[in-house]
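Novice: First the structure, then my questions, so here it is.
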Amino acid sequence: KRALLAAVYGSTVTIFLNDESDGYTDTRAFLARRIAGIMQFEKAKAKVVGRAELRPSLSRFIGRLRYPAV
């Protein structure tokens, strides 16, 4: 999360320094797009992590090969 924040912060500062629009509207729009992208990434990551418990465990499988359940 810190790396994502650092990337967004750095790119937003770069846009801010070159922004000549009234009220820095271009910078605000750029930041809103970056935040929306991060939120999409976090939602996708949550889906993948949520499905982790549904996947078979390789270590459990190997453990059962060594010590079969009776």
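The values are calculated or read from the model by the stated rules, or taken from the named source; none is laboratory data. Everything quoted here is computed from the prediction, not taken from an experiment. Ideal geometry is used to build each Cβ from the backbone, glycine not excepted, and the neighbour counts take in all protein chains shown. Please note that ligands, DNA and RNA were not included when accessible areas were found on the heavy atoms of the full protein model with its side chains. Shrake-Rupley method; radii C 1.70, N 1.55, O 1.52, S 1.80 Å.
Novice: Is any helix in the chain, taking whole DSSP H runs, at least 18 angstrom long along its axis by alpha carbon and on average at least -1.0 on the Kyte-Doolittle scale, and which ones? Each step should come with its number before you reach the end.
Specialist: Details: long enough: 2-18 (24 Å, 1.21); 25-50 (37 Å, -0.01).
Membrane-span-like by this criterion, though nothing is claimed about a membrane: 2-18, 25-50.
Novice: Report, to the nearest whole %, how much of the accessible area of the chain belongs to carbon and sulfur atoms, 1.4 Å probe, protein only.
Specialist: Roughly 63 percent of what the probe reaches on the chain is carbon or sulfur.
Novice: Rg(Cα) of segment 6-70 divided by 2.2 N^0.38 Å?
Specialist: Normalised by 2.2 N^0.38 Å, the Cα Rg of segment 6-70 equals 2.11.
Novice: Shifting gears a bit: In the chain, with Lys and Arg counted as +1 and Asp and Glu as -1 at Cβ, which of these residues, Ala36, Leu4, Ala46, has the Cα nearest the positive end of the dipole, that is, farthest along it?
Specialist: Result: Ala46.
Novice: Taking only protein heavy atoms and a 1.4 Å probe, what accessible area per residue, in Å², does the chain have with all protein chains in place?
Specialist: Ligands and nucleic acids excluded, the figure is 92 Å² per residue.
Novice: Among the GluC sites (Glu not before Pro) in the chain, which ones are in a DSSP loop with at most 10 other Cβ atoms within 10 Å of the Cβ? Mind listing them?
Specialist: Those satisfying the criteria are Glu20.
Novice: Please give the length that would be gained between Leu17 and Met39 if that part of the chain were fully extended, namely 0.36 nm times their separation in residues minus their C-alpha to C-alpha distance (nm, one decimal).
Specialist: Result: 5.4 nm gained on full extension.
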